[in-house]
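What follows is a single structure, written as structure tokens, with notes after it.
The values are calculated or read from the model by the stated rules, or taken from the named source; none is laboratory data. Computed from a predicted structure; not experimentally measured. Every residue, glycine among them, receives a Cβ derived from its backbone with ideal geometry; neighbour counts consider all protein chains shown.
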Amino acid sequence: MRAAPRPLAGLAVVAALIAATPRLDSQAPPASATPPLVTGVEAVGMTVSNMERSVAFFTNTLSFRPLSDVEVSGDEYDRLHGLFASRLRIVRLALGDEQIELTEYLTPRGRAVPADSRSNDLWFQHVAIIVSDMDAAYAQLRRHHVEQASPEPQRLPDWNPAAGGIRAFYFKDPDGHPLEILQFPPGKGDARWQRAGGPLFLGIDHTAIVVSDTAASLAFYRDRLGLRLAGESVNYGPEQERLNAVFGARLRISALRAATGPGVEFLEYLSPRNGRRGPDIQANDVTHWETTVRTWSSEAIFERLRGRWLVSPSIVAIRAQDRTIRSLLARDPDGHALKVVER
């Protein structure tokens, strides 16, 4: 049995979180050019209702490894997340080179994921976990009795040059968060996903979000924040319908990348157009996901997102070890959360 984490309050606690993140040199812009405001995608986070259960799921079923486990509270966290009198337990896990961050709100407790959530609802977000052997990975998930969203793994058709030959499967974690496993055929995906002799679960390729309007999302992520558009496709057909469990699914898919970390993928359902916009999701709701991105200037991002996008009323400064982490929380045009950290 794991000993209960020692409650830590205030600013000093973030040292444990920082220890889980590789130390980076200054990201200050060179005098000759201004780089993109977002220099990397650092982690993908989700709110969970039972941390012990979630950690067991990700480590035992999917081979994530623990990095840190802390409790935090204080005014800086209330301002960052837009909540009052909050106390959080935060666990960082890694798979390959990528990280996820699980957060349980000990107070105040939030709402569960709606039982009737669908893959085309606008609160949908998942992480795509790359596997070296789809059949073996699917068998592993079946042994652990995961909740399936797809009936079985799907092989996307060869007529689609961007996606042909990719095998994919949707399932859910114990809280109902959607997840995906993917296997790339030779010649597709990052070269590191093609290395022979590796583990079954390799890492995270991207996080995917459902968007209502690709142009509006590009204006936010590409034009305001500096992520680059890496590729686009339109996916449809019976394989896509079974993968997403949405009859008649026809998706416009746009892949964006920063210089480092997993990608951010837009899923715009061209049909059916009946995906629901969620209620006002707060950070303690289990529906809440957040993508943590790194920047060299939190002030510049704050100014670009000032007004309708910001959750944090100001940049929050947290002192840990020998440096200060400046952070803020924002929401994109469809309500997906973006945590910005300056490193």
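What to note about this one:
- Against the conditions (1) small (Gly, Ala, Ser); (2) outside any strand (DSSP E or B); (3) in contact with a Leu (Cβ under 8 Å, 6 or more places away or on another chain); (4) assigned by TED's automatic domain parsing to the domain that holds Leu225, Gly261 satisfies every one except (3).
- Filter pass, Leu93 being within 17 Å of Pro178 (Cβ to Cβ), in contact with a strand residue (DSSP E or B) (Cβ under 6 Å, 6 or more places away or on another chain), of a type in the set (A, V, I, L, M) and touching a residue at least 12 places away in the same chain (Cβ under 8 Å): no
- Residue count for the range 75-88 under the criterion of being assigned to a strand (DSSP E or B) and among the acidic types (Asp, Glu): the result is 0.
- Sole exception among (1) in contact with a Pro (Cβ under 6 Å, 6 or more places away or on another chain); (2) without any contact (Cβ under 8 Å) to a residue 60 or more places away in the chain for Leu106, by number: (1)
- Pro185 part of a loop (DSSP other than H, G, I, E, B), under 18 Å from the mean Cα position of the chain (by Cα) and not hydrophobic (A, V, I, L, M, F, W, C): no
- Of all residues assigned to the range 281-301, none qualifies as being part of a strand (DSSP E or B), touching a strand residue (DSSP E or B) at 6+ places or on another chain (Cβ under 8 Å), more than 21 Å from Ile209 (Cα to Cα) and among the hydrophobic types (A, V, I, L, M, F, W, C).
- Hits in the range 94-108 (condition: outside any strand (DSSP E or B) and within 21 Å of the chain's Cα centre (by Cα)): Gly96, Asp97
- The residue that is farthest from the chain's Cα centre (by Cα), counting only those in the range 302-322 that are over 28 Å from Ser212 (Cα atoms) and free of Cβ contacts under 8 Å to residues at least 40 places away in the same chain, is Asp322.
- Any hit, the range 127-135, residues being more than 22 Å from Ile209 (Cβ to Cβ), out of contact with any Lys or Arg (no Cβ under 9 Å at 6 or more places or on another chain), assigned by TED's automatic domain parsing to the domain that holds Gly198 and part of a loop (DSSP other than H, G, I, E, B): yes
- Taking the criterion of being within 15 Å of Ala258 (Cβ to Cβ), out of contact with any Asp or Glu (no Cβ under 7 Å at 6 or more places or on another chain) and outside any loop (DSSP other than H, G, I, E, B), the residues of the range 302-343 that qualify are Val340, Glu342.
Yes or no, residue by residue, for (1) charged (D, E, K, R); (2) more than 20 Å from Glu42 (Cβ to Cβ):
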site: Arg195; (1), (2): yes, yes
site: Pro199; (1), (2): no, yes
site: Val246; (1), (2): no, yes
site: Ala259; (1), (2): no, no
site: Glu268; (1), (2): yes, yes
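- Residues in the range 220-249 that are assigned to a helix (DSSP H, G or I) and either in contact (Cβ under 8 Å) with a residue 12 or more places away in the chain or among the charged types (D, E, K, R) (or both): Phe220, Tyr221, Arg222, Asp223, Arg224, Glu239, Gln240, Glu241, Arg242, Leu243, Asn244.
- Qualifying residue in the range 55-64 (condition: over 17 Å from the mean Cα position of the chain (by Cα) and under 13 Å from Asn284 (Cα atoms)): no
- Residue count for the range 145-182, restricted to those that are among the β-branched types (Val, Ile, Thr) and not in a strand (DSSP E or B): 2.
- Within the range 164-180, tally of residues that are crowded, with 20+ Cβ neighbours inside 10 Å and touching a residue at least 40 places away in the same chain (Cβ under 8 Å): 8
- Among residues of the range 107-117 being of a type in the set (A, V, I, L, M, F, W, C) and closer than 18 Å to Glu290 by Cα, the one that is surrounded by the fewest Cβ atoms within 10 Å (Cβ to Cβ) is Ala112.
- Exactly one residue among Val41, Val72, Val91, Val55 is of a type outside the set (Asp, Glu) and in a helix (DSSP H, G or I), and that residue is Val55.
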